[in-house]
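Input: a single structure, listed below in C-alpha cells.
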Amino acid sequence: MPEHILEQLKRAFIIAKKDLRIYYKRGPVVIFGLVMPFFLFLAFFIGRNLPTERLFTGLLGMTIFFSSMSIGPAIVPFEARSRTLERLLSTPVSIWALLIGDVIASFFYGFLISVVPLIIGLALGINIVNPLILCLGMVLATFCFASFSVLLSAYPPTDIPSTAMMVSNLVKFPLVFISGVFIPIWEMQDWGRIIASFSPLTYFTDLVNYCTQGISYYSVFVDFIALLGFTMLFLVVSIKIHEKTLPDRLV
Amino acid sequence: MTNMENAIEIEDLAKNYGEVNAVNHINLKVRKTEIFGFLGPNGAGKTTTIRILTGLIKPDGGTATIMGFNILTQSLRVKQIISVVPETANAYIDLTAWQNLMLIGELYGVPNKERRQRTEYLLKELELHERRNQRVRGFSKGMKQKIVLCMALLTEPQVLFLDEPTAGLDVESARLIRDIIRQYNRDGTTVFLSTHNMEEANQLCDRIAIINHGKIAAIDNPENLRMKSSSLKSVEVNFNKPVLIDELREFSHVMKAKKIGDKIRLYTNEPHSIIKNILDYANTKGLVIISLNTLAPTLEDVFVKLIKEQTGD
C-alpha cells in the first residue's frame, strides 16, 4: 500500500479517536442510537412468546444496526455548527480519510455496544453453531452500517444535528421492518423478500439465524458478499457526495 | 513559472457565488518571510481568497502556488506546510487546551516528543499553561483565539494565514497575538494577514494589498501607499480665536477644509504654500497660531480613498 495512503489511514484513526471522545455521549446519539431502539425492541418482543433464538436475532440485529448508525449522521453537522469542520478541512487529511475516521468511530461504538446483547444471549443459553462466522459477520455488518450512517449525513448539507438524525431515522426505521428482524425472511411473502434484499440488515439477520438456528435463506457466502458490496457502495457514494457538499457547510 | 523567492503566487484567481464575483481574477505575489496584509471592507473577498488558498473551497478560475506547491493539484502538500487562524475560534470546546493541541499535532504527523515540547512551550508563551487541562468551553474569547493560534503554530508552518486574528479581542490579548506573529515571522514564517484594522496592518505588515469587490485596488508597502495619496496630505491649524472656515477654504491649493474639534484641517498637495497663506492670514486678522502641523495621510485615509474610487463615490 502506498505510504501516503497508510499515512492518511493513520490520520483516519486519529479522527476516530477524537470522534469517540467527543460525540458518544451527545444527546441525539444516545436517544436515537440506544434509547429508541431499546424501547422498539421491548414493544415488539415482550408478550409475544417467541423462541429465545428469534429474540436474540432481533436484539442483536437491532442493536448493531442502531448503535453503529448513531454517531455517524451527527458528526459532520456537529462539526459544521461548531466550525471545527473548517479546522479539519484545512489540515492535511483527505476528505476520504476524514470520513473513514467517522466510520471507524461509529464502528467501534456499535461493536462495543453489540457485545451487550451477545452476552445476554449467551447468558440465556443461546447455542452459537459457528462463533467465527458470527464474529466476522458482526464486524462486517457493523462496518457496513457505520458506512451507511456517514452516507446519511451527506445530504442535505445541514449544520443541525437533529435534522440529520431525523433524516437518518426516516431511512433506518423502515429498514428494520423489512429486514427479517421481526419476521424471518423465509416466512415473508415473495414481494417482501424482494424488498428485503435491498437492505443490508437482511443479510446480517440471515447470518445470525444461520449461527444460532442453523437455518438461513441465503448462503453464508451470499450474506458476506452482499454486506461487503453494500459497504463499498456506501463508502464510495458517501465520499463522492461529501466531496461535493462539504464546502457548502462552511458558512 | 514559480519564482522560488515567493511564498505565495496567485494567478488570475476567481470565485463566483451566483452573479457575485467574490474574487475577481486577482493576481499577487507574497515574498518569503514577509508579513503581507490583505485589507478590505466586509464582503470584499478576503475570507474567500484565504479559503481558496488554504484548500477549503475550489476556485472557479485561475490557480495559485504556495511554496511552489499548486493548491489544486498538490492540496495535501500545501496543507502540510501552512496553518490557518480563522476569524472565529474553532478549537474543540469539549476537549481541553492540551487535547486540542495534541490532536492537531497528530493530524500533521508531529512526532510525540516534539509535539509535547512545542505544546508546553506555546501554552506558556501564550499564557495558557495553567489552564491546559481545562475544557476550551469555559475559555474567554481571547483565550479561545490564543488556543487557535497555538494550534496553528504547533506545526511550525512555513506560511501562516490569519483571518482577522485580533477582531473583538481585548487590547492585551491583541497585543500578545501581534507580538507572537512578529516573533514567528522573524524566525522565518511567511504571514498572510487579512484584517480591516488599519493600525494593525500598519504596525505589522511589510506590504499591503487592498481588495474591494473581489478586485485588488492597490499593492505596496504602507509608507508608499500613504505617499501615493499626496492629495490626502493636510495642514492642521489652531488659532486663539474662532475663524470662518470658508475664508481658509479660499486659499489656493486647498482641496477640502474640515473642522476637527477646535482645529481646522486643510487638505492639499502643497502644504508649504498653505502654511505661508495661514501665516499671512493670521497677521492680517491679528490672530495667534496656537498650533500648526503638517500631516501625512493615514493608511485609513488611503484605504477610504481607494475604496471610494473603486465604488465611484
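What follows is calculated from the coordinates using simple rules that are stated; it is not laboratory data. As the structure is a computational prediction, the values presented were derived from the model and not from experiment. Heads up, the Cβs are rebuilt from the backbone with ideal geometry, glycines too, and the neighbour counts pull from every protein chain shown.
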From the cross-link list B:Lys79/B:Lys113; B:Lys79/B:Lys215; B:Lys15/B:Lys46; B:Lys233/B:Lys276, which pairs have alpha carbons spaced over 20 Å apart?
B:Lys79/B:Lys113; B:Lys79/B:Lys215
Determine the dipole magnitude for segment B:95-226: charges of +1 sit on the beta-carbon of Lys and Arg, -1 on that of Asp and Glu, nothing else is charged, the reference point is the Cα centre, and the result goes in debye to the nearest 20.
460 debye
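Using alpha-carbon pairs under 8 Å, 6+ residues apart, how would you state the relative contact order of segment B:6-224 in percent? Don't jump to the answer; show the numbers that get you there.
Working: 420 pairs, mean separation 65.9, N = 219.
Contact order relative to length: 30 percent.
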Write down the percent of antiparallel bridges among all DSSP beta bridges whose residues are both part of the protein assembly as shown, to the nearest 5.
65 percent
³J(HN,Hα) computed for each position of segment B:32-42 - Karplus, 6.51 cos²θ - 1.76 cosθ + 1.60, integer Hz, glycine/proline x
4, 6, 9, 9, 10, x, 10, 9, x, x, 4
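Give me the dipole magnitude in Debye, nearest 20, for chain B about the Cα centre, with unit charges on the beta carbon: positive for Lys and Arg, negative for Asp and Glu. Don't jump to the answer; show the numbers that get you there.
On the way: 41 positive and 38 negative charges, 92 e Å.
Roughly 440 debye, rounded to the nearest 20.
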For segment B:131-222, averaging the sequence separation of alpha carbon pairs under 8 Å that lie six or more residues apart and dividing by its residue count, the contact order in percent is 22 percent
How big is the shadow of the Cα convex hull of chain B, averaged over all directions, in nm²?
19.8 nm²
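Once you sort the root eigenvalues of the Cα gyration tensor of the protein assembly as shown as a ≥ b ≥ c, which label holds: rounded (a/c under 1.5), prolate (a/b larger than b/c) or oblate (the other case)?
Details: a/c = 3.02, a/b = 2.95, b/c = 1.02.
Because a/c hits 1.5 or more and a/b exceeds b/c, the protein assembly as shown counts as prolate.
Could you list the GluC sites (Glu not before Pro) in segment B:1-62 that lie in coil according to DSSP, counting only those with at most 13 other Cβ atoms within 10 Å of their Cβ? Mind dumping the intermediate values first?
Numbers: sites: B:Glu5, B:Glu9, B:Glu11, B:Glu19, B:Glu34; in loops: B:Glu5, B:Glu19, B:Glu34.
Loop-located and lightly packed - B:Glu5, B:Glu19.
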The alpha-carbon pair-distance distribution computed for chain A, with 10 angstrom bins and whole-percent values, is 8, 32, 34, 19, 6, 0
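To the nearest whole number, what is the average tally of beta carbon atoms from other chains within 10 Å of the beta carbons of peptide B:101-111? Display every interim value, and only then the final one.
Working: counts 0, 2, 9, 4, 1, 8, 13, 4, 5, 0, 0.
Per residue, the average neighbour count from other chains is 4.
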Amide H neighbours of B:Thr268 under 5 Å, at least 5 residues apart or on other chains, H built in the peptide plane: list them.
B:Lys233, B:Ser234, B:Val235, B:Met255
To the nearest 500 deg cm²/dmol, what mean residue ellipticity at 222 nm is calculated for chain A from DSSP H runs of n ≥ 4 alone, each contributing -39,500 (n - 2.57), summed and divided by the residues?
-24000 deg cm²/dmol
Report the charge-dipole magnitude of the protein assembly as shown in Debye, nearest 20, computed about the Cα centre from +1 at each Lys and Arg Cβ and -1 at each Asp and Glu Cβ.
780 debye
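Dividing the convex hull volume of the alpha carbon atoms of segment A:140-213 by its residue count, what do you get in Å³ per residue? Working shown, then result.
Working: hull volume 6.8 nm³, N = 74.
Hull volume over Cα atoms, normalised by residue count, gives 92 Å³.
Inverting the mean 1/r over all pairs of different Cα atoms, compute the Kirkwood radius of segment B:79-131 and quote it in Å. Can you show the working numbers first?
Numbers: mean 1/r = 0.0837 Å⁻¹.
After inverting the mean inverse Cα-Cα distance, the result is 11.9 Å.
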Determine ³J(HN,Hα), in whole Hz, for all residues of segment A:229-239 in sequence, where each value follows from phi through the Karplus function 6.51 cos²θ - 1.76 cosθ + 1.60 and θ = phi - 60°; x replaces Gly and Pro.
x, 4, 4, 4, 4, 4, 5, 5, 5, 4, 4
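Within 10 Å of each candidate Cβ there may be at most 15 other Cβ atoms; applying that plus a DSSP loop requirement, which trypsin sites (Lys or Arg not before Pro) in segment A:1-101 survive?
Working: sites: A:Lys10, A:Arg11, A:Lys17, A:Lys18, A:Arg21, A:Lys25, A:Arg26, A:Arg48, A:Arg54, A:Arg81, A:Arg83, A:Arg87; in loops: A:Lys25, A:Arg26, A:Arg48, A:Arg83.
Here the sparse-neighbourhood loop sites are A:Lys25, A:Arg48.
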Amide hydrogen neighbours beyond the local backbone of B:His196, cut-off 5 Å, H modeled
none
Interchain or long-range residues, amide H under 5 Å from B:Gly43's placed H:
none
In order through segment B:149-155: 3J(HN,Hα) via Karplus (6.51 cos²θ - 1.76 cosθ + 1.60), integer Hz, x for Gly, Pro
5, 4, 4, 6, 7, 4, 8
Charges on Cβ only, +1 for Lys and Arg, -1 for Asp and Glu, centred on the Cα centroid of the protein assembly as shown; of A:Ser197, A:Gln8, A:Met36, which one is farthest towards the dipole's positive end?
A:Met36
Computed over chain B: longest principal axis from alpha-carbon atoms vs helix B:112-125 long axis, angle to nearest 10 degrees, is 30 degrees
Given contacts defined as C-alpha pairs under 8 Å and at least six residues apart, what's the relative contact order of segment B:76-184, whole-number percent?
42 percent
